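Please treat every number below as a calculation from the coordinates, not as lab data. Computed from a predicted model, the values in this text were never measured in an experiment. Ideal geometry is used to build each Cβ from the backbone, glycine not excepted, and the neighbour counts take in all protein chains shown.
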Amino acid sequence: MTSPPFGREVPPADTEAGLLAPGWAGSPAAAATGDTAYLRALLDAEAALTRAQAALGLAPAEAATAVTAAAGTGRFDVASLAERARSGGNPVIPLVADLTKAVGEEYGPYVHRGATSQDILDTATMLVAVRTLHPVLADLARTERALARLAAGHRDTAMPGRTLTQHAVPTTFGLKVAGWRSLVLDARDRITAVRDGLPAQLGGAAGTLAAFGTYGAPEPTGLPGAYARELGLREPLVPWHTLRTPIADLAGCLAFTAGALGKIAADVLSLSRTEVAEVTEGSGGGSSAMPHKANPVRSTLIAAAARRAPQLAATLYGSLAAEDERPAGAWHAEWEPLRELLRLVGGAARDAAELAEGLRVHPDAMRAHLDLTHGLIVSERLSAELAPVLGRARAKALLTELARRTYTEGRALGELLAEVPELKDVDLDELTDPARYTGSAATLTDRALERR
């Protein structure tokens, strides 16, 4: 057998470390979605099921106590569960066997009674989602507050508005940031609505609750509500084994959030280019080869998440087309992309908060860039203002000619306009100052900041 390089043992695979996932490694979302966290949710789902049945008189109170006491993650080997999951296609089957053994002979029969594997795994997934979305919302709140301060502080900071990569007309940095904040609030509202509606899953083998009736429930339809209350989830109207609205809702709000944060990152990446330098990240990342660089790492990682999220969401949407009363493959295809989507968005939200709180703004660079086109950035205003003075045709022809001369002669548009006799009584300083042509940007910023 060939020895590993440098004589060292190759370490075992560790899918939880996130070596190639700096966007979410070490984040609250990483902890909330790890294998141990998923195991905790599976065990919580199993214990809650026994407690719900006990609450309705379908199981002894002692059984609920015994199952809850046995459902500690330290009793179970995640790696073993993962390996044994292959035989049945999901980890619930070996977990039920181990939990039943841990509970003991007297109350072991009450473990998982009447449920199917999908009931437990779907419910656990909802718990994992809820537990992950709490810190995501907290980070979005941090981001929103930091952006609100930036927008208010730069309400009147003029900068070039850019369309199709080129200077268009002036805008303000405050309005740009107020727009970022609006997207963050949109994401917050969508996540909150989805989180608050995530349901427990309980239907039994084919979604009819039949087994619970066999075990003595006079009205089995009351059990899902009791189960949901034990877990703090929403009561399902009907079992949703093949009605995957909760998963689709998660896909939608998470993909939207990644994209919303990605918009902020895209702008920061553009504005922080060396030759633009209108903003910089508060603590840029280093380069392995170039000591002078301070890379916009937070924005880079957010942008990476925004690029991946739509494809992960697409897999989840594709699983909506699930056949029969319980599907083969569609349900199974959801687990990994949903977990990855939760992780990506959790990491992006963390990075967005750090980005917004540390972002440094450079108004002097913005002002200098307003003058790059020698005053042409206000040509729209001049066209409208000079038409009544010169006539529409004359104003258009004059501005076209002077625009050419600003480049060929290297002179400012205002200087050239001052040489036109018909304009000697026009306040050209006012008309050609880009900072005085930001329209309703300040009012729009104020309006956007009123939203809570």
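Considering only Val378, Tyr215, Ala226, the residue lying farthest towards the positive end of the dipole of the chain is Val378, judged by Cα position with unit charges set on Cβ. From the Cα gyration tensor of region 1-154, with a ≥ b ≥ c the square roots of its eigenvalues, which class applies: rounded if a/c is under 1.5, or else prolate if a/b is larger than b/c, or else oblate? Judged from the Cα gyration tensor, region 1-154 comes out oblate (a/c at least 1.5, b/c at or above a/b).
Once you reduce region 164-188 and region 76-115 to the center of their Cα atoms, the two points are 52 Å from each other. Close amide H contacts of Asn295 (hydrogens built in the peptide plane, cut-off under 5 Å, sequence separation of 5 or more or a different chain): Gly285, Gly286. Using C-alpha pairs under 8 Å with a sequence gap of at least 6, the mean separation divided by the residue count of region 364-440 gives a relative contact order of 36 percent. In this Cβ point-charge picture (+1 for Lys and Arg, -1 for Asp and Glu), the chain has a dipole of about 500 debye about its Cα centre. Determine the relative contact order of the chain: mean sequence separation of Cα pairs under 8 Å and six or more apart, normalised by residue count, in whole percent. Taking the mean separation of contacting Cα pairs over the length of the chain, I get 19 percent.
The distance between label points at Ala210 and Leu164 comes to 6.4 nm (points 7 Å beyond Cα on the Cα→Cβ vector).
Computed from backbone phi, the HN-Hα couplings of region 365-379 come to 5, 4, 4, 4, 6, 4, 9, 4, 9, 6, x, 5, 5, 9, 4 Hz, rounded to whole numbers (Karplus: 6.51 cos²θ - 1.76 cosθ + 1.60, θ = phi - 60°; Gly and Pro given as x). By the rule of a C-alpha distance below 13 Å, with chain neighbours fewer than 8 residues away ignored, the aspartates and glutamates paired with Lys424 are Glu415.
For region 327-347, backbone nitrogen atoms closer than 15 Å to the point 7 Å from Gln311 Cα along Cα-to-C-beta are found at 337-338, 340-341, 344. Taking 7 Å steps out from each Cα toward its Cβ at Ala138 and Arg367 produces label points 4.1 nm apart. Placing pseudo-labels 7 Å out from each Cα toward the beta carbon at Glu106 and Arg229 gives an inter-label distance of 2.7 nm. Available extension along the chain between Asp77 and Asp429 is 119.2 nm, counting 0.36 nm per residue and deducting the alpha carbon span.
Can you give me the C-alpha center-to-center distance between region 323-360 and region 388-452, rounded to a whole angstrom? Rounded to whole Å, the Cα centres lie 48 Å apart. Between Glu323 and Arg405, residue separation times 0.36 nm minus the direct Cα-Cα distance comes to 22.6 nm.
For helix 78-88, report the angle its Cα long axis makes with the longest principal axis of the Cα atoms of the chain; keep it between 0 and 90° and round to the nearest 10°. The answer is roughly 70 degrees. Under a 5 Å amide H cut-off, with hydrogens placed 1.01 Å from N, Gly161 pairs with Ala168, Val169, Thr171 among residues at least 5 apart or on other chains. About its Cα centre, region 317-452 has a charge dipole of approximately 240 debye under the convention of +1 per Lys or Arg Cβ and -1 per Asp or Glu Cβ, with nothing else charged. Across region 404-412, coupling constants 3J(HN,Hα) worked out from phi with the 6.51/-1.76/1.60 Karplus curve, θ = phi - 60°, read 5, 6, 4, 8, 5, 9, x, 10, 6 Hz, and Gly and Pro carry x.
Which option, [x] 64, 55, 39; [y] 103, 62, 36; [z] 96, 72, 51, is the value of Cα extents along the principal axes in Å that was calculated from these coordinates? Working out Cα extents along the principal axes in Å from the coordinates points to [y].
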